[in-house]
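We did not get these values from a lab; they are worked out from the coordinates using the rules stated. Just so it is clear, the structure is predicted and the values come from calculations on it, not from any experiment. For neighbour counting, all protein chains shown are included, and Cβ atoms are generated from backbone atoms with ideal geometry for every residue, glycine included.
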Amino acid sequence: MKNKKHAWIFGYSKQSRSIAASLLAENFSITIIENDDKNFQDALSDGYVNSVLIDITADTELEKLDIKQSDWILCLMEDEYLNVFLTLSLRASCTCNQIIAISHSIYSTQKLIMAGANQVIDVYQVSANRIHNIFEKPITTKLMDNFISPSHEFSFKEFTIPKNSFLDGAIIDEVDFDKFGIIFTGIVDKELGDELIFAASNINHKIDNGDIIICIGKNEDLVKFGKYLYKDIA
Amino acid sequence: MFSKYIVKFAFGLYNSKRYTSTKKFFYDLLENENYHYKKIVDIFLIILILSSVIELIYSIKHGVHGWLYIFDLYIVSIVFGIEYMLRLWVHSDMHKIIIKEYERSQFLKIQFKFYAAFIQILTEKWNYIKSPAAIIDLIAISPTYRELRILRIFKLLRYTTSIGQFINVLKTKRFELMTLLILLIFLIGTTGVAMYALEGNINKNINSIFDAVYWALITTATVGYGDIAPVTTMGRIISMIAIITGLVLMAFATSVIVSAFLEKLNEIKDNRLIDSINKEDRFVIICGYGQMAKMLLRQNNFDNKYVIIEKDSNIASQIAKDGFNVITDDVSRHDVITKFNIQYANVSILCIGNDDVENIYITLTAKSLSKDIRVIARASDISMKKKFVLAGADHVIVPNQMANIMLLTSIKQPVVYNVMHALLAGKHAAYLDEIKVLAYDGLIGKSIQEIEFKTKKLLLIGIQKEDHNDFIFNPPASTILEQNDILLIMGPKISVEHFINSFQRSLK
C-alpha cells in the first residue's frame, strides 16, 4: 500500500473544514488538533475520528503528538495570537517539517514568518492582489481564475525530472516545448539550490534528474507532456 | 382655438427628440456639474466677468477707450444676456406644465384654460428670477448705470464653491442669525432715535435722523470713525450702552457662525472630496474599510482617484488619520451613490466589508442606479457567491476560498505556488503584464517570430485579439499583431519595461 502523506491541521474552523476536505480528497491522512471542545466535537462529527483535544499552549502535549518529519503542519487557528504562538512552539519541536499558516492581517503575516512558518497565506493579501489585478491586468485575472476554477482549461504544472528521461541532461534552450503546446515557465535547478528560476531570466540551464520544471498549458497537453516525460521510466 | 394650438405645440415639443436633446445639452452646459464641457463654459464666463471688472477699474483713472467701451457695453452684456435667457429657459419645462394642465382638464372633463397653465409657468419662472443668483445675473446684464457693473464680480459666486458653502452653512443657522439681526436693528433704531432726540438740536454733526442712525451703527459695530460723537452726558451713556450691547451681539453672531461651521465641517470636507473625485473620468468607491482595503490601497492607490465611504464617524476619522480619502456616509442609501458622477465617469465600486447582507445591498443599489457601474464584491463564503452574481456583481471575491486554493497549491505543487504567488504579487523576477498594441507603435504588422520575445528575455503567454473574445494561448509564431491586440507577457520587470519603451516610445 502506497504511503499516505499526513497533515496535522491545528484549528477546526469553517475555513479549515474545506481545506481538510480537499486534502482528504487528495489522499492525505488527516489529524485535527483542537483546544476548543465545540470545534473538537464538530471535527469528530464530520468524520475525523482521530481528532485530538489538547491544550495547544503546552509543549508537553504537542510533543506527545508524534509528528513525523515528512508530515505537513497547518496552523489554522482563528485566534491570531494563538496561531503565532502555536507556530513558534511547533517550529521549536518540529525543526524539519513544512509549516503552513494562515494569516488574517499583515502584522500577523510578518510574525508568523518570524515564528518559523515556511509558507504564510495572507487571506486578505491574496484577495487584495486579485482586486488589484482585476483593475490593472484583466486578462491575467481571467487566466488566473482559470487556474483556480474547478473546471479549468489551463494550469500550471510542475514536473520532477526522472532519471534517464528525455529531459535528463538536456539544455533548456534545445528543448522544443512548443511541440507539446505548452510553455516552459521556470525551473528549480537542484545544483543551484531550491530557488525557482524563471524561464525568461535567460540562463541556459542543463536539466538534471531531480530538477523541477514548471510549465503552463492546456490540461490535456500537460498530461500528454507528463506521459511523454515518464514514458520510458518504469 | 388659441388654447388648442398651444396644447398642440406643447405636445409637439414633448415629442421632439431634437428639442429635448438641445435643452438637455444647454442644461448640462450651464447647470450639470458633472458635464465635462460645463467647465469650459464656466472658465469662459469667469474670464468675461474678470475682464469686464478690470476694464471698469482701469477706466476710472484712464477713461473709457472706444473698443473697450463697445466690448463692455455690448459684447459682455449680450453674452450675459444670452446666458440669463438660457438659464431661465432650462429652469423649467413650460410644455410639460401645459400638458399636465391639459391632461387634468381632460380627466375632469372641463374646458382647458390656458391662463391656469400660464400662471403656473410664470410662478415657476418667477421662482428662478427672484433667486439671488438670477438677480445678480440680471444686474450684470444691465448696461445703463455703468458703476453698477462692478456688481458683475458677484457673478463669480456661482463658480466659487467656498462662498456657496459659506452661504449654505449660514442658512442652517437662519433662525439664530435672523433673531440677532432683528435685535441689532432694534438696538440701532432705538439708540439712533434716542440720540436724535437728545442731540438733534445741539450736536452740529447730527442734522437728520439718518445721521443719528449712521452714528448708532458705527458705534454698535465698535468702528468709531469719530465723525459724529456725542456731546451730552446722556448721549455718552447711550453710546456706552450701544457699544457694550453691540459687542455682545457681535460675540453671539460670531459664536453662532463658528458653531455652524464646526457642525458642518465634515460635510464640507466630504463635499470637497466628492467634487474633486467627480472631476475624474475614472474612479473607485471603496465600501468597507478593513484589512483588505488597507492592503489593496498599499498596493494600488488608483492614482489617488478613490474614495472610501464609511458610515461610522469614529472609523472614518481613523481612516483619515491613516491618510486615505474618506467620507462619512451610509453608502447603502440610494442618494449617496448619486452624489458621484455615475452618468459620465467610469465608476467601480468595491464592496469589501465583512457583512454579506450589506455588500449585496450596496451591489443592488449601485446596479439599480446604473448597469455601467462595475461592482467588485466580497463574499464571506462560496455559497454566497451565487447571490452576488444574481445581484449583478461583476466580480466576486471569496477571501477564504482563494486562500484555501493557495494553501492547497502550496502543499500539492509547492513550486507552482511560488510561481502563482510571484505572478499575483507582481514580483520583479516574474512580472506578468498586458501590453496593448496601439496605433502607430512598432508592433503592428509584425509576426511573433519577428519580435523575438525570447532574446528580449520575455515569454509570450498569449494574445487577446480585439475581434475575438477568446484568449489565444501560446499563439503560433506566424501570428501577425494587429492594432488593439493585447499581449500577455511574462518576464523580469526590467525586460517588460524595456520592451514597452522600445516599441511604444513614440507614444510615451
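Per residue of B:287-297, count partner chain C-beta atoms within 10 Å of its C-beta, then hand back the mean as an integer.
On the way: counts 0, 0, 0, 3, 12, 8, 3, 4, 13, 9, 2.
Taking the mean over all residues of the peptide, I get 5.
Stretched out fully, how many nm does the piece from residue B:125 to residue B:172 gain, at 0.36 nm a residue minus the Cα gap? Display every interim value, and only then the final one.
Working: separation 47, 0.36 × 47 = 16.92 nm, distance 2.58 nm.
Roughly 14.3 nm would be gained on extension.
Dipole of the protein assembly as shown (Lys/Arg Cβ +1, Asp/Glu Cβ -1, origin at the Cα centre): which of B:74, A:228, B:398 lies farthest to the positive side?
Farthest towards the positive pole: B:74.
Describe numerically, in nm with one decimal, the distance between label points set 7 Å from Cα along Cα→Cβ at residue B:74 and at residue B:46.
So the two model labels end up 2.9 nm from each other.
Specify which residue in the list B:202, A:56, B:135 is farthest towards the positive end of the charge dipole of the protein assembly as shown, using unit charges on the beta carbon of Lys, Arg (+1) and Asp, Glu (-1), about the Cα centre.
Positive-end residue among those listed: B:202.
Hey, what number do you get for chain B at 222 nm if only DSSP H runs of n ≥ 4 count, each worth -39500 (n - 2.57), divided across all residues, to the nearest 500?
Values: 21 runs with 299 residues, N = 508.
Calculated from helices alone, the mean residue ellipticity at 222 nm is -19000 deg cm²/dmol.
Counting DSSP beta bridges with both partners in the protein assembly as shown, what percentage is antiparallel, nearest 5? Present the calculation step by step, with values, prior to reporting the outcome.
Values: 31 of 70 bridges.
Of all bridge pairs located within the protein assembly as shown, approximately 45 percent are antiparallel.
Count, for each residue of A:177-190, the Cβ atoms from other chains sitting within 10 Å of its Cβ, then give me the mean as a whole number.
Averaged over the peptide's residues, the number is 3.
Let's see if you can work this out: charge +1 on each Lys and Arg Cβ, -1 on each Asp and Glu Cβ, no other charges. What is the dipole magnitude of the range B:1-68 about its Cα centre, in debye to the nearest 20?
On the way: 9 positive and 5 negative charges, 101 e Å.
It works out to roughly 480 debye.
With +1 on each Lys and Arg Cβ and -1 on each Asp and Glu Cβ, how big is the dipole of chain A about its Cα centre, in debye rounded to the nearest 20? Mind dumping the intermediate values first?
Values: 22 positive and 34 negative charges, 101 e Å.
In total the dipole reaches around 480 debye.
Give the peptides B:303-316, A:12-25 in descending order of average Cβ contacts within 10 Å, highest first.
Working: B:303-316: 17.2, A:12-25: 18.8.
The most tightly packed comes first, giving A:12-25, B:303-316.
Helix B:114-129 versus the longest principal axis of chain B: what angle, 0 to 90°, nearest 10, using Cα atoms?
Once rounded, one gets 90 degrees.
Can you give the % of DSSP beta bridges in chain B that are antiparallel, to the nearest 5? Mind dumping the intermediate values first?
Working: 15 of 35 bridges.
Counting DSSP beta bridges with both partners in chain B, the antiparallel share is about 45 percent.
Angle, helix A:14-25 long axis vs. longest principal axis of chain A, Cα atoms, 0 to 90°, nearest 10?
The angle comes out at about 50 degrees.
Rounded to the nearest 500, what is the 222 nm mean residue ellipticity of chain A from helices alone, with -39500 (n - 2.57) per DSSP H run of 4+ residues and division by all residues?
Values: 8 runs with 86 residues, N = 234.
Computed mean residue ellipticity for chain A: -11000 deg cm²/dmol.
Got a sec? Charge dipole of chain B, +1 on Cβ for Lys and Arg, -1 for Asp and Glu; which of B:189, B:343, B:54 is way out at the positive end?
The one lying farthest along the dipole's positive direction is B:343.
So between residue B:135 and residue B:447, what do we pick up on full extension, going 0.36 nm a residue minus the alpha carbon distance? Intermediate results must be reported in sequence, preceding the final value.
Working: separation 312, 0.36 × 312 = 112.32 nm, distance 6.73 nm.
Stretched out fully, the residue B:135 to residue B:447 stretch lengthens by 105.6 nm.
Over chain A, what is the relative contact order in whole percent, taking alpha-carbon pairs under 8 Å and six or more residues apart? Provide the component values of the computation, followed by the final result.
Values: 378 pairs, mean separation 30.7, N = 234.
Across chain A, relative contact order equals 13 percent.
Quick check: pseudo-label points 7 Å beyond the Cα along Cα→Cβ at residue B:65 and residue B:259, how many nm apart are they?
So the label points at residue B:65 and residue B:259 sit 5.5 nm apart.
For helix A:123-136, report the angle its Cα long axis makes with the longest principal axis of the Cα atoms of chain A; keep it between 0 and 90° and round to the nearest 10°.
Orientation of helix A:123-136: about 40 degrees from the principal axis.
Evaluate the distance, in nm, between pseudo-label points positioned 7 Å from the Cα of residue A:176 and of residue B:19 along their respective Cα→Cβ axes.
For the pair residue A:176/residue B:19, the computed spacing is 7.4 nm.
Could you work out the mean count of beta carbons from other protein chains within 10 Å of each residue's beta carbon in A:133-146?
Details: counts 8, 7, 9, 6, 8, 4, 11, 9, 3, 3, 7, 5, 1, 2.
Mean partner-chain Cβ count within 10 Å for A:133-146: 6.
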